[in-house]
Amino acid sequence: MAFLGLFSLLVLHSLATEAMFPDETISEWSVNMYNRLRATGEEENILFSPLSIALAMGMMELGAQGSTLKEIHHSMGYDSLKNGEEFPFLKDFSNMISAEENHYVMKIANSLFIQNGFHVHDEFLQLLKKYFNAEVNHVDFSQNVAVANYINKWVENYTNNLLKELVSPRDFDTVTHLALINAVYFKGNWKSQFRPENTRTFSFTKDDETEVQIPMMYQQGEFYYGEFSDGSNEAGGIYQVLEIPYEGEEISMMLVLSRQEVPLATLEPLVKPQLIEEWASSVKKQKVEVYLPRFTVEQEIDLKDILKALGVTEIFIKDANLTALSDNRELFLSKAIHKSFIEVNEEGSEAAAASGMIAISRMAVLYPQVIVDHPFFFLIRKRRTGTILFMGRVMHPETMNSNGHDFEEL
Ligand SMILES: *[C@@H]1O[C@H](CO)[C@@H](O)[C@H](O)[C@H]1NC(C)=O
Ligand SMILES: *[C@@H]1O[C@H](CO)[C@@H](O)[C@H](O)[C@H]1NC(C)=O
């Protein structure tokens with residue numbers, strides 16, 4: 001009974017939050033960010049975590065005042081919220097997502113690394129603790145190698161050793177005063193797992209029409225599926241959306257796939273928060289045959305460039321107003337970095353793989369087939385709220401072979 005009570009409390013709580021938290025605004029800048037990344041690396045894979053960026057920016061925002069604060073508030077899409085209202089939302093958000101669950105593992109950790117002897121306002125520290133449950137670690141940034149090592153170890157610890165070398169000694173010197181770090185870790189098993197013995201080598205056709213051999217997973221099962229049109233009358237205008245839930249069905253991976261002959265780049269400009277919502281509400285549970293590559297993507301992003309492009313600029317210049325954080329008027333943000341990693345395999349996302357080379361027999365096609373043998377767009381999102389945990393695309397999945405989880409390991 002106690003368990004039941006707790007459960008309904010959580011549900012009520014999250015329902016209340018959903019009504020107000022501007023998830024769609026996070027989706028808005030996530031899509032903008034995706035488009036910036038797309039413009040800088042045309043043939044590259046993309047991966048980032050909107051959730052992690054929202055939390056790191058939230059911590060930074062706590063220290064800002066005046067026009068610097070206004071700019072962050074506006075650029076992060078919080079215009080519909082009164083000043084400061086975003087913080088309780090971000091807190092609920094973290095609590096809700098990382099609530100103890102049997103179904104998936106979601107860990108969120110925040111920390112302030114601060115130069116010994118540098119004074120920050122007590123109120124800032126209290127708010128950091130209150131809204132972000134942040135640890136405070138005192139360090140000596142002039143010992144840049146030791147500090148980088150210390151911070152990297154902290155990140156590794158909270159990401160199950162998946163993310164290494166977030167920072168480098170070059171990021172710090174004698175004028176560094178503090179670093180705010182967020183780490184997010186997710187591990188979910190597919191509700192319906194792929195059988196390793198059904199995985200086999202398959203060709204994947206890149207947008208430049210070259211082919212690579214990749215390990216392709218296969219299963220036939222019930223998934224959320226829909227076909228959509230880009231509005232053109234051409235045959236290539238139809239694309240597929242497949243939603244594969246993780247255990248518990250609270251979080252899912254959504255895959256968007258154009259026709260084989262149509263480059264992903266023709267589909268990408270369509271992606272908008274409203275369209276993502278439409279996909280989510282239109283896909284129907286049905287039998288589908290799925291061919292999905294095992295893949296890993298790792299990406300490091302210079303978040304400073306991207307944030308500036310989204311309109312967060314003042315915090316990066318000497319005029320930054322971080323007086324809520326400290327009386328030091330010279331304080332400004334010199335760097336912003338983001339790194340992410342995902343491994344998708346038969347069991348789910350982020351898990352060791354065991355795979356075979358046994359051929360599958362293709363049955364007569366009774367159900368829609370989703371054959372992900374060319375570039376695709378994907379999201380990992382919380383289904384009920386639409387919160388985007390990760391967003392990315394895969395242009396060439398063969399990078400997984402350099403990661404160690406390949407056939408040789410068997
Ligand atoms: C920072 O913003 C606060 C609140 O608007 C303002 O009172 C203060 O003068 C500003 N400080 C600087 C250095 O711009
Ligand atoms: C490592 O992470 C665990 C939780 O995952 C935490 O309890 C522990 O304090 C962390 N250790 C360090 C050194 O941060």
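Side notes on the structure shown:
- ³J(HN,Hα) computed for each position of the range 289-297 - Karplus, 6.51 cos²θ - 1.76 cosθ + 1.60, integer Hz, glycine/proline x: 9, 10, 10, 10, x, 6, 8, 10, 9
- Placing +1 on each Lys and Arg Cβ and -1 on each Asp and Glu Cβ, with no other charges, gives the range 15-168 a dipole about its Cα centre of roughly 340 debye.
- In summary, the lysines within cross-link reach of residue 130, defined as a Cα separation below 18 angstrom excluding same-chain residues under 8 places away, comprise 91, 107.
- Base-10 log of normalised Debye intensity for the range 164-310 (one unit scatterer per alpha-carbon) at q = 0.09, 0.14, 0.17 Å⁻¹: -0.43, -0.93, -1.21
- Orientation-averaged projection of the range 39-130 equals 9.2 nm² [convex hull of Cα atoms, one quarter of hull surface area].
- Subtracting the Cα-Cα distance of residue 335 and residue 222 from their residue separation scaled by 0.36 nm leaves 36.2 nm.
- A simple spin-label model places pseudo-atoms 7 Å from Cα toward Cβ; at residue 213 and residue 175 they are separated by 5.4 nm.
- Simple Cβ-charge dipole of the range 22-74, Lys/Arg +1 and Asp/Glu -1, about Cα centre, in debye nearest 20: 180 debye
- 3J(HN,Hα) from dihedral phi, the range 162-171, Karplus parametrisation 6.51/-1.76/1.60, rounded to Hz, x for glycine, proline: 7, 9, 10, 6, 4, 10, 10, x, 5, 6
- Applying a DSSP loop filter and a limit of 12 other Cβ atoms within 10 Å to the GluC sites (Glu not before Pro) in the range 40-88 leaves 42, 43.
- Rounded to whole Hz, the Karplus (6.51, -1.76, 1.60) HN-Hα couplings of the range 266-272, x for glycine and proline: 7, 8, 4, x, 6, 4, 9
- Taking all pairs of distinct alpha-carbon atoms in the range 43-197, Kirkwood radius in angstrom: 17.3 Å
Where a number appears in this text, it was derived from the coordinates with a stated rule and is not lab data. Being a predicted model, the structure only gives us computed values, none of them experimental. Because the Cβ atoms are built from the backbone with ideal geometry, glycine has one as well, and the counts that use them run over all protein chains shown.
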